[in-house]
Protein chains: 2
Amino acid sequence: MIYLDNAATTFPKPESVYENINKAMREYGANPGRSGHKLALQGGRAIYETRELLGNLFNIDNPMNIIFTHNGTDGLNLAIKGLLKPGDHVITTSMEHNSVLRPLKAMEKVGVKTTIVECDKIGLIDLKDIENSINDDTKLIVTTHASNVTGTIFPVKEIGDLAEKNNIVYMVDVAQSAGVYEIDVKDMKIDILVFPGHKALLGPQGTGGVYIRKGLDIMNMKEGGTGSKSNLLIQPQMLPDKFESGTPNTPGIVGLGAGVEYILDRGLESIRNHEKELTRYFINELKKIEAVKIYGPKDAEKQAAVISINIGDEDSSEVSYILDKVFNIAVRPGLHCAPLAHKTIGTFEQGTVRFSIGPFNTHQDIEKAVQAVGKIVKQI
Amino acid sequence: MIYLDNAATTFPKPESVYENINKAMREYGANPGRSGHKLALQGGRAIYETRELLGNLFNIDNPMNIIFTHNGTDGLNLAIKGLLKPGDHVITTSMEHNSVLRPLKAMEKVGVKTTIVECDKIGLIDLKDIENSINDDTKLIVTTHASNVTGTIFPVKEIGDLAEKNNIVYMVDVAQSAGVYEIDVKDMKIDILVFPGHKALLGPQGTGGVYIRKGLDIMNMKEGGTGSKSNLLIQPQMLPDKFESGTPNTPGIVGLGAGVEYILDRGLESIRNHEKELTRYFINELKKIEAVKIYGPKDAEKQAAVISINIGDEDSSEVSYILDKVFNIAVRPGLHCAPLAHKTIGTFEQGTVRFSIGPFNTHQDIEKAVQAVGKIVKQI
């Protein structure tokens, strides 16, 4: 199986991820932050280490400002719903995932107003369109860092500057960039950073997180046991406890730590260059096949390792089915949970066949993918 | 290390839990329910199998009425907040965990009214007290199945009958009973069942779930990508998608399935008898030590394998520290995130030293615990 569905979840993970998860479960499978005995403390320390590693990766001073969640979507809901109040105005873009758009749509029912800024045909945002959408009620700008449909990289630093200048909270969904691209919450003026753990951060499924800038007031949407201030019936207000009720996913978080450690060891730049090189080669080869339509920037410098294509007017599911069945290549067809992105690039009916490259893909994987696409073109 | 903190999380897990999680990560670590290729389908099937196993365990007809969550607390929040509306009245008990009490307290701010029925000194509820608390606005009764402080078993079937007779929704927190005690949602008239996956169900941390009876209208508190109806900006309303946004914890759910399979193979009754036998022995031996105060029913037939004690007026944290440090025995001190339970049994200041027995504890473990308590009594 050639796995080119890394934008959905990376596979495989580094060997250390599997091993550390196994070790966490077998050797110190107690409940961290609760009981205070040796095994519980060991679990608590392991979780803290992952917080620290993520802090290093994203240039976050205080690891306690990082909250662990069930997945990226959980984090986006926590931040969007905890921040916004009736009357608030939000600016977002047409390239967002449903994990951003659906919570915002739900918040419209309680009086939040949303402006969805249209991106251009290759998924690029015009900074002026964001600026022109700002009004007195604008509380939040929320954008992706890289589109999960076209890979298009957003000018996060510029948007961050704009938000800061206008005293607006900036939230970034780094689902497709964390673990590959430089993310510096200070330099980029990011107030809230939301990440899944199981994509390019190379952790297991069941992990994700949110960084919340110090001083930003976010309401908790859940309450429960935190192991802290157990005498009170109200939720403790200190971070991360305020947002981390119930038993955490200790082995998952340990696995995420191993993933981030792998990234820091190999180097972001090394991973990025590897993925860029394969993306560049793939796009160049696909350009040579006439029936293939490629979406997005078609430029490895301007997009993450996500390449969406179609073959003529062929249904994207049909093409993906053949890739899986005949060529043993795993990709994702359809709308990728981002319907407005497909309206933006003109593929709402057809969907796209999405190839997404990970740190363990090889040049040969991409060669085989190119050959497979070529063969399908000839057969159809 | 003698691990007697199984009420916090069971440790160890059955070997098959570790192995199946490892296998899921290494062999089919794709994103289930999304892409449609072989690996994604295998992940989706594995998740469905766990739903089916839980359905078997709890006598739930349709596995799609089981929703996977991050942990038990996540499930309780989902159900409590999704069900209740301003003006609704809720009846609960003084033996509940903060994962029930804190969300209810938070809901009071939006106009939900709560009656907390006082239990007696051993944590027992009087059915009449619940009945007398019912009024025209009573929408929900929520109780634990077994106390996490005293182990006291609640008359769930009787409460279920009472709720049904009065057309009230009955929600049960089975954090301390699922995997050991018979739970039949039909026979017990349970409308909403909430379980963590990592306690006696023997799955890994990062898992939990909620069963919602067919026809019961619960609002979703989160939205996001579900892999279904991706063209829409509103959340799909079918179960379980309505409540399962974002990538699920596939390896965790696979591990939970292995845990439930172990339980079904070994037999609930066999596990229960094993734990009862150790509980009976432990209580009997502790009764012989004069300085030891035992809380709860002190009767293995009337309590889960959770035994809370104190040694004279000694601080529970101090005793637990000695048990860990000197005797290598892991227990949990303090309030166990259930402050009102401690007010009920009279240990709000002192807390209790909680021993909790799991399916892999041995007679020798309990003998050593008894000896350790005896030695501590002599030293203090």
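Where q = 0.15 Å⁻¹, what log10 of I(q)/I(0) comes from the Debye formula for region A:123-256, counting one point per Cα? The Debye formula, applied to the Cα set alone, gives -0.84.
The 3J(HN,Hα) values that the Karplus relation (6.51, -1.76, 1.60; θ = phi - 60°) gives for region B:180-196 are, in residue order, 10, 9, 5, 10, 10, 4, 6, 4, 8, 6, 8, 8, 9, 10, 10, 9, x Hz. Gly and Pro appear as x. Taking θ as phi - 60° and the Karplus parameters 6.51, -1.76 and 1.60, the scalar couplings of region B:63-69 work out to x, 6, 7, 9, 10, 8, 10 Hz in sequence order, x denoting glycine and proline.
Across region B:309-380, C-alpha contacts under 8 Å between residues 6 or more apart give a mean separation that, scaled by the residue count, equals a relative contact order of 35 percent.
A cut-off of 5 Å between modelled amide H atoms, ignoring neighbours fewer than 5 places along the same chain, links B:Thr138 with B:His89. Database remark: amide H of A:Thr144 closer than 5 angstrom to the amide H of A:Asp173 (H placed geometrically; neighbours at sequence offset of 5 or more, or on other chains; Pro and chain starts carry no H).
Structure note, pairs A:Lys105/B:Lys186; B:Lys121/B:Lys375; B:Lys128/B:Lys157; A:Lys229/B:Lys121; B:Lys109/B:Lys343; B:Lys157/B:Lys302: Cα-Cα distances above 26 angstrom occur for A:Lys105/B:Lys186; B:Lys121/B:Lys375.
For the protein assembly as shown, what does the alpha-carbon gyration tensor say about shape, rounded, prolate or oblate, given a ≥ b ≥ c as the root eigenvalues, a/c under 1.5 as rounded, and a/b over b/c as prolate?
Taking the square roots of the gyration eigenvalues as a ≥ b ≥ c, the protein assembly as shown is prolate.
Is chain A best put as rounded, prolate or oblate by its Cα gyration tensor, with a ≥ b ≥ c the root eigenvalues, rounded for a/c under 1.5, and otherwise prolate when a/b is larger than b/c, oblate when not?
Numbers: a/c = 2.07, a/b = 1.30, b/c = 1.59.
Oblate.
Across the accessible surface of region B:15-266, with the other protein chains kept in place and a 1.4 Å probe, carbon and sulfur atoms take up 49 percent.
Within chain B, antiparallel bridges make up roughly 50 percent of the DSSP beta bridges whose residues both belong there. Couplings 3J(HN,Hα) for region B:302-315, derived from phi with the Karplus relation 6.51 cos²θ - 1.76 cosθ + 1.60 (θ = phi - 60°), are 10, 9, 6, 7, 10, 10, 9, 9, 9, 10, x, 9, 4, 4 Hz, where x marks Gly and Pro. Per residue, chain B exposes 35 Å² of accessible surface when a 1.4 Å probe is rolled over the protein heavy atoms with every protein chain present.
Would region A:1-149 count as rounded, prolate or oblate if I go by the C-alpha gyration tensor, calling it rounded below 1.5 in a/c and otherwise prolate when a/b exceeds b/c, oblate otherwise? If you can, show how the numbers build up before the last one.
Details: a/c = 2.69, a/b = 1.72, b/c = 1.57.
Prolate, because a/c is 1.5 or more and a/b exceeds b/c.
Toward the positive end of the charge dipole of the protein assembly as shown, with +1 on the Cβ of Lys and Arg and -1 on the Cβ of Asp and Glu, the farthest Cα among B:Gln42, B:Gln235, B:Gly75 is that of B:Gln42.
At most 10 other Cβ atoms within 10 Å plus a DSSP loop assignment makes a site exposed; report the longest stretch of chain A without any exposed GluC sites (Glu not before Pro). Before the final figure, lay out the partial values.
Details: sites that count: A:Glu290, A:Glu301.
Free of exposed loop sites, the longest segment is A:1-289.
Given +1 at the Cβ of Lys and Arg, -1 at the Cβ of Asp and Glu and no other charges, the dipole of region B:15-266 around its Cα centre is 840 debye to the nearest 20. Applying the criteria of a DSSP loop state and at most 16 other Cβ atoms within 10 Å to the trypsin sites (Lys or Arg not before Pro) of region B:148-195 yields B:Lys186.
The values are calculated or read from the model by the stated rules, or taken from the named source; none is laboratory data. Just so it is clear, the structure is predicted and the values come from calculations on it, not from any experiment. Cβ atoms come from the backbone with ideal geometry, glycine included; neighbour counts cover every protein chain shown. Only protein heavy atoms, including side chains, enter the accessible area calculation; ligands, DNA and RNA are left aside. Shrake-Rupley method; radii C 1.70, N 1.55, O 1.52, S 1.80 Å.
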